Structures are given as C-alpha cells and as structure tokens.
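Every read-out reported here was derived from the displayed coordinates using simple, explicitly stated rules and does not represent laboratory data. This is a predicted model, so every value here is computed, not measured. So basically every Cβ, Gly included, is an ideal-geometry build from the backbone, and we count neighbours across all protein chains shown.
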Amino acid sequence: MSVPRSPAPRSGPDAAVIFVGGMHRSGTSAMARALALCGGRLPQKLVPPAPDNPEGYWEPADMVALNDEILAAAGSRWDDVFLHQVEGRLGRRRAGFIRRAADLIRGLDREGRGAVLKDPRAAALPALWNAAAEAVGLEPRHVLLVRHPAEVAASLAAREAVPPAKAELLWAASMLAVEQGTRGRRRLVVDHDAFLAAPVPTLEAVAAQLGGGLKVDAGTAAGVTAFLKPSLRHHRAEAASFHWPHTAAVLDAFRDAARDGREPDAAALRPAREALDALAALMGPQLQELRAQVHDRPELLRRLAETADENGKLRDIANAFHGRMEAAERRAAEAAAARREAERRAARDSATGLPELAAARAEAIRARALAAELGEALDARTAAFEAERAALKAGLADREAAVGEAGARAERFAADLDAAMAQAAAGRDALSERVSALEQALEAAQQDAAAARDEIATLTEALAAARAAAKRPRRRGVIGLARSLKRRLDGSGAG
C-alpha cells in the first residue's frame, strides 16, 4: 500500500496542524474555538450551529464529509462501538483517503501556520490524519479532551437518543482509538471540567506544549472567558455506576494524565483494549449486519410511504371509475328503457307502417351497441384495477414483514450483546480466581524450594565435616607407623 511521500517540513515552530480530538460532546467544540481565539487558524467553511450546539461546532464541513465517507467505506459510522478497529479495515483504500485528506489540509493551510482541525469522527482515524499532515510537510500535534462518560451519555441521549450502555462503550472506543493513534506524537490531555473551571491556565499549558503559533495574552484571556459561559455545560455526572467493567480504568488513565500533564498509562489501558477487541470479535459481524439493515430502513419507509400514496391515488381513481361506471349503467338502463318503449311502439304500430318504427329500431340497435361497449370497458377496467390492487397489497405486506424482521433482529442483537457482556464478566472473574490460585501455588513451591536448598546446604556442610574427620585419624596412624619403623631401623644399625 503506497502512502504519499512526505515533503521537506516547513520551517519554524508554527509549521504544524493542531488536531482537537476526543469523544463527541466532550468539549472539543469549545476547545477549537478557544484555540482560534489564541491564534489558531480555523477553516472558512464550517458546519453551521444547531440547537444542541448554538455556539457552533467549529468543524470543517469538508473534513466532516470526508470522515463520514471513510467510516462508511470501513462499514462503520460515528456511533460504532468498535471505532478503535476502523483504520484496520480500510485496506488499500487508506492511501487514497490519505491523499484526499492531505489535499484538504493543503487547501486550508497554504502558509504553513498552525491550523486547528476538529471533528470527533477523526478520533477513529488519528493515524490517517497524521499521515496526511506529514504528506504536506506539517507536524501533527494533538490536544485530547476527556469528559466523564456519564455526562457524554446524558448529552447523547438528549441529542440522539443513544442508550447509556452503548454511549459508554462508544466513549471508551473513541478514547482508546485516539490515544493509540496519537501515541508518540506531540500531544496534551485536557480534562473537560478543568478546562471550563480554569480556561486561561489550561490554554497556557496547551500553548506551551503544542506551540503552533498559539499564545495567551490579556486580550485572549478576556475573549476566552467571555466565550466559555457556564450555560455551555448542560450535563453533570454525579456518583455514576458504569455498565462496562473497564470504563473506570480508561477514565482514570486519562484524568491522571490530564492532572499531571503526562502521557496516559498505556499498560493501564491495555486490558480495556483487549476486552473491547474480544467483544468486537464476538459481536462485530452481527452488529455490522444489523447496521446495514438499519441503514436500509429509511429507504424502506420511504418506499412504504410512496406505496401508501399510490394506494390513495388508486382509491381516487377507483372512486372516479365507479362514478363513471354508475353513469354508464344509468345510460344503459335508459337505452334499454328506450329499446323497450320502441318495441312497444313497434308492436302497436306494426300495421300502420309509420316511419317512427324504423327510427325506433335504429335507436334500439345503437343503444344495444353502446351498452355492450360500456359493459366490456367496465369489465376490463375493473379487472385491471383488481390486479393492480392485489399486487400493491402483496408488496406492502412484504415490506411490513421486512420491517418487523429488522426490529426482531435488533432485539435479538441487544439480547446477545447483554449475554456476551455477562459471559465476558463471568469469564474474567473465573480467570482472576484461577490466576490467584496459581500465584498461591507458585508461592508455596518457591517456599518448598528455599527449604530444600537450606537442607542441601546443611547436608553438604555435614558431609564435608565428616570427610575431614575421616581423613585426620588415618594421617596420624601413618605418621606413627613411620616413626615406629624408623626406630626399629635405627636399633638394627646400632647392633
């Protein structure tokens, strides 16, 4: 897979792109605007404000559109609870997306000064945007916002009706993805609460860590303070319990990093990432299939609405047709009455040979022909209408059945997800008990080995002492024997 070759970096400490990363509803919009007040450069074409964010999102519209396209290419979207795996699913298409992202950055930052780019969707694609920035000779730098997941979940529930358990998993996946993708880069973690409580010191720390032409002076401080009104915060987390066992560890790792101004603890985040990978392997395929069905649901509903509209039009046509049919029947009855009257007159005047008899017969013939023609037309139109109505009823029944099946599959997926999470929790508990038992057995074995080593040392010393004791008597006996022989030899020589 070819990736655009990076040109020579632009000179100066401001030759950088500052990415504002983090989960949706985590204060990334406020941070992007504050950085712009501190000298950062926002794009001209931004996503317009909305009722849930009246101060503005401060997101480049082109960046949002490109990120949506990239996520869709990976079979994902912004609310995918397995966002941390998206980049790995891009395959060969990744290089083309990097080129397009580089063109976007090049168009925003032609002078090499610090541009500020913010889109929460990019939390799933940090490595891709890093490569795009480097492809145009700019250094990617990151400020990562962390907010309590319960507050994020409350905000998403109010805006998108996202269930709390899903919002929590989505928060964890986004934070794990953006941390992994920015590791080793120039970055700073900022706590959402600390930022709103003390915006000026927070921005001073960001400027000191990231550079990029950012500076905080008296005018900047006044502008930031006026912008960050208390009303911007709509949700506060009280003592919240988490749905996922690893959420607290992820939150603590990011908050500790923000408080101490250091890197997040990768070892503390590893169990959460492994657990999310295991859950993705278990539920990912079913979730993608369900997402595809939900994606098709608006089109199905639109087609059902069109069918209902067509049925209304057909009812109007049928009513009009029935009106014409009744009129035709009246005309046929009038013609039959005229024919009977003509026949009666003919019978009465048959002897006279009056000219009225010939005229009455001709009128009767025309009336019979008209009645036959109207009857045939009525039969044909009625048969066509009945066939079309039957086909529309069958199509509507099929579509309603498809919608019902999609709803049932969604309910089954939710039940499977709950069961999988319960099974994962039970497996984790069993594994913890097994690890504890193995650790106790290992400790007992180590104690037994130490006792055995002590016993071996004691026996070794005893054996050495025994050997020494055994050698000493033999030596004295030999010496004594030698002396005795010497005395005997000396005595023999003297005699």
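Observations on the model:
- Other-chain or far-sequence residues with amide H under 5 Å of residue 46's (modelled H): 61
- A simple charge model with +1 on the Cβ of Lys and Arg, -1 on the Cβ of Asp and Glu and nothing else charged puts the dipole of the stretch 78-149 at about 160 debye relative to its Cα centre.
- Positive-end residue of 177, 227, 266, charge dipole of the stretch 116-274 with Cβ unit charges: 227
- Pairwise Cα distances in the stretch 90-189 exceed 16 Å for 62 percent of all pairs.
- The stretch 46-153: GluC sites (Glu not before Pro) falling in loop per DSSP and having at most 16 other Cβ within 10 Å: 55, 111
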